Every structure is written in structure tokens, then in C-alpha cells.
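Please read the structure below before turning to the comments.
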Amino acid sequence: MKKKIAFLNILILICFLFLTGCSSFGDEVTLSSTIELDESGVVDAEIFEALKEENSVITIIGNDGEVKYSWTVFGSDITRPNDLNMGVSVDILDDETVSIKLSSEEDFGFSPVLSLYVPEEWTSKTATVYDSKGNSITGASLTSGNPTIVNFTVKTFGSELMAKGDKNPEIAESDKDNSSQGDKVDNNSKETNNQKGNKTEKDEYLSSAESKKDKYLTDPIPEGKPKPVEPEDTTVNDKKSYTATFFIECSTIFNNLDKLDSSKLEVLPSNGIILEKQTVTFYEGESVYDVLLRLCREKGIPMEASWTPIYNSAYVEGINNLYEFDCGELSGWMYRVNGWYPNYGSSRYQLKAGDVVEWRYTCDLGRDVGSDWNLTGN
């Protein structure tokens, strides 16, 4: 019976590829159908061979009790098509933690993204994956909601893994003594405001019952969060340099491939990461947008933005040729600084030393990446 199911899966995949004319696409990446794992968890080599030859992307779905999981496999990553056991055992532990056991003891020969649909709503913004010895081996992105979806690239086999939500954002101690500002879908515009004298003047940005939007339609800023700084009020001092951390990822698309513009598959990174987390240098007075623009130019990453006068900020439309609305009508780019999604554009967010900046692609107006300001009318 299991052999019949496997044969039918292969036949369905081959028929799909033939009917969609994949053989004529050359190097174009195409989206294949999904495959449901049977009890054995084994996917036959013929399926991977077809994916490799046709340069396709496929989602392989399985279940372990109440936890659904899926593998996203890019044919371009496959080096040696083999029969593979892609079964996964998942145990839900306390404190936003899951234990993961892969049925395969051997390397797949490629590194797919594993998505775990944990039937809980985690408060963490990110997660870390550890091996059986407690060593951190990779980061994981979280698609917020219930279930919480834990996405990470699998490179370690033969060991029990553990994914645990990160409780505290990575904020350096030096941040406390430096000024900073934030980003809006897209919390990414260009803005800056001279903050001198804020302590003695009425603070138009602070959240209170009497506060209203500012002249650039910015909603009240939560207490303790940095206020926007307008670009025209800022001078960049290239004599003073600091460092911050930048990261760009789009893993939520793996959970929404059915919504993705098919022409964008070829620019979708197979691990969901456009820019690995890295330390960058910036100058006093520069904004999140300033550094993003320079970083993308240096790394050869396509980035397109437009100026939005009504918000006095730049709006990041696309990064790596992935644009707003490419994965549904609620999709686009957002940024997060030190675990917070600013409710104003990225060119109004003035960086400070030690800031951790993440650009994330959302498919649900920020809800799926842990943003809550858009749910309250911001």
C-alpha cells in the first residue's frame, strides 16, 4: 500500500510538471504541487530527480500528532537525489520550546527549510535552535499567531534539536546611552527630528489620552520608545562611527507560497535569508534607511524605495526584487529595531550604537511577523 501511495505521488508530480510545461522553462523556477508524507515519511528519489531537472520548488507536508510540519525544497539545491525519510517527531515543552527529532540520521544532501506549526501563540519574536548538547546552531524566524510557525534551515542531522523562543531582544548595553529612532506595511520611511529640548517642551509624540497624530500622521509613540527624527533636521557626522546589527529575511513567504507571484520564485532565497545577520558601521546621525540603502548597494542587493511626503519618509517598496503585494494584498516590507516595530518610516529612525535592525517580509500586514501597532490603528 505504501509503495502505491509513493508511486501515485511521483506520478502526480510528473504529470503536473508535464501539464504546466515546465520542461520549456529552462532556468525559470516553478512551483510544483505539494506532497503529503505517508506513515513511512519516505520521499522517493524520483521526486527529487524531477525537482532538480525542472528547477522546481515543492512543499512536503507531514503531521506528528497535533503538530503539522512542512519542508520547502528547492530543486536547485539538490545535488544527489536519493530516497529520503523526511519524517519529524515534535514534542511541545514548556516555556515556548519544542523538541525536534528527525527520522533521518543522514544528511539530505541539501538544506531545506523546516516549518513547524506549533498550536500555541508564542510571545517571542525570534527563536534559536540548539543541538542535543545545548549548543546554538542556527536562528529561527517565527510567523506569529496561533499556530506559531517556527521556520529554520536544517543542516544538522543525527541529533535531537530544540527550538526555543528568544525572550529578550538583542540590545547592547551601550544602546542605553545613545539616541535612536524607528520604521513603518512598510514601517520603512525616511524621517528625522531634532530631539534637543524635548525634556522642557511638550512632547507631541508621547502616547497619552490627549495625544494625537503629529503633522506627518504619526500615531503617539509608546512610552520609552525612541521618537522620530526628521531628515531635514539631521546632520550626519562622518567623524563619529558606531556599529549596529542588520538582518534581512523573507521566510514567511514559505508559509504562503500559494499567494506568491510565480515569477518571484527565482529571487526567493532557498533559506529565506537575503542578508545574514552581520555587524555594520554607521555614522552619527544616520537613519535605518540610510544604512539599509548603503548596505544593499555594497552587497549588490536590489532595493527600491520612494519618497512619501505625507509621512516625510522613504518607503521601501522592494528588496532583492521582492516587492509589496508580491505575496498577497497584505504583503510588504517592515523593519524592527531591538524587538520593536516602529510606527513611522525608517528614514525617521535615527540609529544608535548597538541597535539590532531586522527587515522582514510580511504576508499579513505585520501580524505574521509579530507587529501589533497596525492592529491598533497605527
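The values are calculated or read from the model by the stated rules, or taken from the named source; none is laboratory data. Predicted model only: the values in this text are computed from it and were never measured. Cβ coordinates were reconstructed from backbone atoms using ideal geometry, including for glycine residues, and neighbour counts include every protein chain displayed. Heads up: the accessible areas ignore ligands, DNA and RNA and are worked out on the full protein's heavy atoms, side chains in. Shrake-Rupley method; radii C 1.70, N 1.55, O 1.52, S 1.80 Å.
This model, with +1 at the C-beta of Lys and Arg and -1 at the C-beta of Asp and Glu, gives segment 307-378 a dipole about its Cα centre of some 320 debye.
Peptides 246-259, 61-74 ranked from most to least packed by the mean count of surrounding Cβ atoms within 10 Å: 246-259, 61-74. Measuring nothing but how far apart in sequence close Cα pairs (under 8 Å, 6+ apart) lie, relative to its length, segment 83-158 scores a relative contact order of 30 percent.
Take the Cα of Glu223, step 7 Å toward its Cβ, do the same at Ser262, and the gap between the two points is 5.4 nm. Placing +1 on the Cβ of every Lys and Arg and -1 on the Cβ of every Asp and Glu, with no other charges, gives segment 204-357 a dipole of roughly 360 debye about its Cα centre. Only Lys, Arg, Asp and Glu carry charge here, each on its Cβ (+1 for the first two, -1 for the last two); on that basis segment 39-173 has a dipole of about 280 debye about its Cα centre.
Each peptide in 342-354, 281-293, 230-242 receives the mean, over its residues, of other Cβ atoms within 10 Å, and ordering these scores from highest gives 342-354, 281-293, 230-242.
Listed cross-link partners Lys52/Lys125; Lys215/Lys264; Lys215/Lys352; Lys101/Lys167; Lys155/Lys352 are compared with a 31 Å cut-off, the Cα-Cα value being larger for Lys52/Lys125; Lys215/Lys264; Lys155/Lys352.
Can you work out the PRE-style zone for Glu36? Point 7 Å along Cα to Cβ, and I want the residues of segment 76-101 with backbone N under 17 Å. Taking a point 7 Å out along Cα→Cβ of Glu36, the residues of segment 76-101 whose backbone N falls under 17 Å are 87-88. Residue separation of Glu232 and Ser306 scaled by 0.36 nm, minus their Cα-Cα distance, works out to 25.0 nm of gained length.
Spacing of the modelled spin labels on Glu160 and Ala45, each 7 Å from Cα toward Cβ, amounts to 3.3 nm. The mean accessible area for residues of segment 237-378, using a 1.4 Å probe and ignoring ligands and nucleic acids, is 37 Å² per residue. Placing a label point 7 Å from the Cα of Asp91 along the Cα-to-Cβ line, the residues of segment 134-161 whose backbone N sits under 14 Å from it are 160-161.
Spacing of the modelled spin labels on Thr243 and Asp107, each 7 Å from Cα toward Cβ, amounts to 3.0 nm. On the basis of the beta-carbon distance and an R0 of 56 Å, Lys215 and Glu120 show a calculated FRET efficiency of 0.85. Here the gap between Glu53 and Ser136, fully extended at 0.36 nm per residue and compared with their Cα-Cα distance, gives a gain of 26.4 nm. Scoring 153-160, 358-365 by mean Cβ neighbours within 10 Å over their residues and listing the highest first yields 358-365, 153-160.
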